1. What pairs come out if I take residues in the stretch B:34-63 that are farther than 17 Å from B:LEU255 by Cα and more than 14 Å from every other protein chain (Cβ to nearest Cβ) and pair them with residues that are acidic (Asp, Glu) and part of a loop (DSSP other than H, G, I, E, B) whose C-beta lies under 6 Å away, six or more apart or interchain?
2. Here is a check on your reading of the model: is B:SER67 assigned by TED's automatic domain parsing to the domain that holds B:LEU208, closer than 30 Å to B:GLU253 by Cβ and either touching a strand residue (DSSP E or B) at 6+ places or on another chain (Cβ under 8 Å) or not polar (S, T, N, Q) (or both)?
3. Which of the residues that make up the stretch B:145-187 are crowded, with 17+ Cβ neighbours inside 10 Å and of a type in the set (S, T, N, Q)?
4. Since B:GLN248 meets every condition but one in (1) of a type outside the set (A, V, I, L, M, F, W, C); (2) within 30 Å of B:SER12 (Cα to Cα); (3) part of a helix (DSSP H, G or I), which condition does it not meet?
5. How many of the residues making up the stretch B:31-45 are surrounded by fewer than 20 Cβ atoms within 10 Å (Cβ to Cβ) and not in a loop (DSSP other than H, G, I, E, B)?
6. Could you grab me the full set of residues in the stretch B:93-112 that are farther than 19 Å from B:LYS194 by Cβ and either within 7 Å of chain A (Cβ to nearest Cβ) or not in a helix (DSSP H, G or I) (or both)?
7. Among the residues in the stretch B:112-128, are any aliphatic (A, V, I, L, M), outside the structural domain of B:SER7 (by TED's automatic domain parsing) and at pLDDT 90 or above?
8. Failed condition for B:GLY81, given (1) touching a residue at least 60 places away in the same chain (Cβ under 8 Å); (2) within 14 Å of another protein chain (Cβ to nearest Cβ), with all others met?
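The values are calculated or read from the model by the stated rules, or taken from the named source; none is laboratory data. All values reported here derive from a predicted model rather than from experimental measurement. Note that each Cβ is placed from the backbone with ideal geometry, even for glycine, and that neighbours are counted across all protein chains shown.
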Amino acid sequence: MEKRIDSGAMILPLLGIGLMLFIWTAISLKVAPDLPSPLKTWQESQQYILNPFFKDGEMNQGILRFAFLSLVRVAKGFFLAIAIGTPLGFLLGLSAKFNQAFDPVIQVLRPISPLAWLPLGLVIFKQSEPAALFTIAICAMWPTVINTAMGVRSIGTEYLNVGRVLKLSPMKTLRKIMIPATLPYMFTGYRLSLGMAWLVIVAAEMLTGSPGLGGFLWQEYNSLVYSHILLSVLAIGLIGFTLDRLMGVVERRFKTA
Amino acid sequence: MAILELSGVSKSFARNGRGKGRSVKVEVLRDINLSIRENEFVCIVGRSGSGKTTLISLIAGLIKADSGSILLDGKPIDGPGPDRGVIFQNYSLLPWLSVFENVYLAVDAVGPNLSEHEKRQRTEHYINLVNLGAAMTKVPRELSGGMRQRVAVARGLAMEPKVLLLDEPFSALDALTRGTLQEELARIWSDTRKTVVMITNDIDEAILLADTIYTLTPGPGATLGPAIIVDAVHPRGRVQLSALASCQKARRETLRNLTAGVKSKDVGAGNFAVTLLH
């Protein structure tokens, strides 16, 4: 394949980033003097970046250490979300009655903010860690539920007819026809759910004060080190972007089927 | 004795009319009577929209008749089953399974008591029969339309059904591929002598393959015309057929039945006759 390097493809994103840095500098100079400029942010944060694995107490660690803690928490919540969301989506897609019964419940639960779920999680579980996982799972599972249900509903009749003609058992129909046919939809759901889980992590860690990117962000706000807030924000954005891209690669693999 | 017997079979569908709750009943098939002997190759020829697919779906058991009875080996059919293997118009291969796995799924479903070795052997036998031995591990998306339909034929045969049902199996293929597959089916059939019911809109295809041809009158309320016997030995060749008086007679009768009762202003019917005449 011929690959031409388009000068615009390199220059334009750099231009965009440059403009953002300019606006950031302008705001820190003219509008909000408390907001550190990009340069000051770098100066005050460089030890976290240049030495990303140092540990000096629970709430003072290198940025990759914090990122790792957050990622582990997100992974747990995310797997909980898809472990519940996938079968639930299958039930909703397979049974019109089940769908009628639970669709209103889901539509009401879906828009509830993580900030609202977390106190409820604390009431139920009494500890911050399970409450955080509960919040991530319950907020992140809806895209999986909805996409899986949609995937099940759109399985082609021609595939199901093959199963009927062969008189496949329900388990075999599920394994050989329904799950493979739904897989692309499931992975779209998983990608969106992972994005959602990553969004929730910050809120969960802020409220529970757990060590991680969100917890660090909140602690530095309380100790008035604003440059570290910006460091956390940027790290959260970059990691979220990377996660989405990785899931996108996995998703595309199943799309071709 | 007839292996497959349809008597007085009718089927209507509810079409949604204008306005809420209003639906119009459209009668697709009316009073279908059909008796098929063991080892007979029957073609049902009809124009598109005449209810051909409905008829094959009824025999397959994928849909239920409103009235009448369908007996297989003297017993009323109860839903779909592998004793009536279906080869669908759109191939219906499972795109996530390889050629081998698609056929193996059928073999495994109909012969659960076979040993693993026997199942593999049977799967390979039918794939080789349709000349796809080299494509065993490929997935459907890597195959051409003609090859996909070969896999579907292999899968249908691998069920070793009492009756093989073919729903316009070659209509989505280009003319050359269609011709090759028709002759291959003629060869395979004359070796295996399965009971076959094939739906088609191609008179030449019907004459090449069938012992008996039935025409389906234009819908709605389509019904079958009288049996037209194609009196020629199997397997037949295209060239040899065009010269045979009995085949020319069968073709004339089929065309006459198909165009009877169709008004001349019906452009669709006109096209139909023209494309089939040469």
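1. Cβ pairs passing all conditions: B:GLU40/B:ASP211; B:PHE41/B:ASP211.
2. yes
3. B:GLN149, B:THR177, B:GLN182
4. (2)
5. Adding up the residues that qualify gives 4.
6. Once the filter is applied, which keeps residues that are farther than 19 Å from B:LYS194 by Cβ and either within 7 Å of chain A (Cβ to nearest Cβ) or not in a helix (DSSP H, G or I) (or both), the stretch B:93-112 yields B:LEU93, B:LEU94, B:PRO95, B:TRP96, B:LEU97, B:SER98, B:LEU105, B:PRO112.
7. So far as the stretch B:112-128 goes, yes, one or more of its residues are aliphatic (A, V, I, L, M), outside the structural domain of B:SER7 (by TED's automatic domain parsing) and at pLDDT 90 or above.
8. Of the numbered conditions (1) touching a residue at least 60 places away in the same chain (Cβ under 8 Å); (2) within 14 Å of another protein chain (Cβ to nearest Cβ), the odd one out for B:GLY81 is (1).
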